[in-house]
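Some notes on the structure that comes next.
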Amino acid sequence: EAYEAYGDYETMMELLQSMICHVSEKVLGTLVIEQKDEEGNVTKTIDLTPDWRRAKYKDLIREKAGDDWFDLTPEQRRSRAIDDLKIEVDPEEEDFEVT
């Protein structure tokens, strides 16, 4: 967690972006991180180079889950998350917990 007196959400986004980039450069020596499998093959590349995209949480959900996600019932959300989005959902989770 991080806070800044008199800062708003935009100030906090800038602060966290700066902190994460600083740590990545100091610890890894780069802003481009490669995820590798057991054989050493790159499976994913994460580029932390600023400026990061700014988006609302709901818009990000809609991009991946569909424009109608927030109109679905909790049961329909669970079904889509498991069947269409291939998300592992704990059977113990209540339907309303699946965002």
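All of the numbers you see were taken from the coordinates with simple rules; none came from a lab. Computed from a predicted model, the values in this text were never measured in an experiment. Every residue, glycine as well, gets a Cβ built from its backbone with ideal geometry; the counts of neighbours run over all protein chains shown.
Annotations for the structure displayed:
- Proximal lysines relative to LYS44, as straight alpha-carbon distance under 19 Å, when same-chain residues fewer than 8 apart are discounted: LYS36, LYS64, LYS86
- Note on VAL27 and GLU93: their simple-model spin labels are 2.5 nm apart, each label 7 Å out from Cα toward Cβ.
- Taking other Cβ atoms within 10 Å as a rough exposure proxy, VAL32, VAL27 sort from fewest to most as VAL27, VAL32.
- Proximal charge balance of ILE87 [Cβ under 13 Å; K/R count +1, D/E count -1]: -1
- Point-to-point label distance, ILE61-SER79, nm (Cα→Cβ direction, 7 Å offset): 1.9
- Our helix-only sum for the chain, with -39,500 (n - 2.57) per DSSP H run of n ≥ 4 divided by its residues, gives a mean residue ellipticity at 222 nm of -12500 deg cm²/dmol.
- Of the GluC sites (Glu not before Pro) found in segment 55-99, those that fall in a DSSP loop while having at most 15 other beta-carbon atoms within 10 Å are GLU88, GLU92, GLU93, GLU94.
- Stretched out straight at 0.36 nm per residue, the stretch from ASP51 to LEU72 would grow longer than its current Cα-Cα span by 4.2 nm.
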